[in-house]
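Below you'll find the structure, written out as structure tokens, and then a few comments.
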Amino acid sequence: MATRNSRFSAIPNIPQSGLTDSQSSTIYALKENVELLIGSRGSGNATRAVLGGQITVANPATQTMTRVTAIGAGFTISGVNVPSIEDYNKLIVNVQQLANDVTSLQLTVNTLINQLKG
């Protein structure tokens with residue numbers, strides 16, 4: 001994933017002489033870890049780094065439902081409370097707006113997850 005949009009320089013092989021065992025193992029471990037992060041070693045995306053330039057998902061759309069417009073207006077008919085048709089219709093619109101907002105956020109999150117996975 002990290003190599004898709006970026007160029008990384010190859011890390012030269014570690015010299016076989018002139019280093020202590022401790023220096024050699026430290027440099028080898030660093031080389032291996034960097035190669036895993038840039039995606040030049042290993043397979044799969046599990047160890048590859050994600051770079052900021054690879055995340056292109058747009059911000060979610062502005063939320064359409066910012067407040068509930070239904071106010072609970074209604075009537076009592078034969079001892080039963082029923083909503084007014086106007087308030088009921090407002091509630092239907094509110095619920096649909098909320099459903100649309102959730103769908104928009106879900107699409108944004110799914111896109112982001114797919115970009116992170118590579």
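Take the stretch 68-85 and flag every residue that is outside any loop (DSSP other than H, G, I, E, B) and exposed (fewer than 11 other Cβ atoms within 10 Å of the Cβ).
So in the stretch 68-85, the residues outside any loop (DSSP other than H, G, I, E, B) come out as 74-77, 80-83, 85.
Listed by number, the residues that qualify are PHE75, THR76, ILE77, VAL80, ASN81, ILE85.
For the stretch 86-115, which residues satisfy the criterion of being farther than 23 Å from ALA49 by Cα, hydroxyl-bearing (Ser, Thr, Tyr) and surrounded by 13 or more Cβ atoms within 10 Å (Cβ to Cβ)? Reasoning before the result, please.
So in the stretch 86-115, the residues farther than 23 Å from ALA49 by Cα come out as 86-107.
If we keep only those that are hydroxyl-bearing (Ser, Thr, Tyr) too, we end up with 88, 103-104.
Residues satisfying the conditions are TYR88, SER104.
Within the stretch 29-67, how many residues are surrounded by 14 or more Cβ atoms within 10 Å (Cβ to Cβ), touching a helix residue (DSSP H, G or I) at 6+ places or on another chain (Cβ under 8 Å) and of a type in the set (A, V, I, L, M)?
4
Restricting to the stretch 70-106, give me the number of residues that are out of contact with any strand residue (DSSP E or B) (no Cβ under 7 Å at 6 or more places or on another chain), polar (S, T, N, Q) and over 30 Å from ALA58 (Cβ atoms).
Looking only at that region, the number is 3.
Given the options ASN94, ASN45, ASN33, ASN59, name the one that is within 28 Å of GLY118 (Cβ to Cβ), among the polar types (S, T, N, Q) and in the same structural domain as LEU112 (by TED's automatic domain parsing).
Working: ASN94 fails: within 28 Å of GLY118 (Cβ to Cβ); ASN45 fails: in the same structural domain as LEU112 (by TED's automatic domain parsing); ASN33 fails: in the same structural domain as LEU112 (by TED's automatic domain parsing).
Of ASN94, ASN45, ASN33, ASN59, the one residue that is within 28 Å of GLY118 (Cβ to Cβ), among the polar types (S, T, N, Q) and in the same structural domain as LEU112 (by TED's automatic domain parsing) is ASN59.
Can you tell me which residue in the stretch 52-69 is nearest to the chain's Cα centre (by Cα), limited to those that are among the hydrophobic types (A, V, I, L, M, F, W, C) and over 11 Å from THR111 (Cα atoms)? Even if it seems obvious, please write down each step before you answer.
Taking the stretch 52-69 and keeping what is among the hydrophobic types (A, V, I, L, M, F, W, C), we get 55, 57-58, 61, 65, 68.
This time we only want the ones that are over 11 Å from THR111 (Cα atoms), so: 61, 65, 68.
Working: ALA61: 15, MET65: 23, VAL68: 28 Å.
Going through the qualifying residues, I end up with ALA61.
The values are calculated or read from the model by the stated rules, or taken from the named source; none is laboratory data. Nothing here was measured: the structure is a model prediction, and the numbers come from that model. Methodologically, a virtual Cβ is constructed for each residue, glycine included, from the backbone with ideal geometry; neighbour enumeration extends over all protein chains shown.
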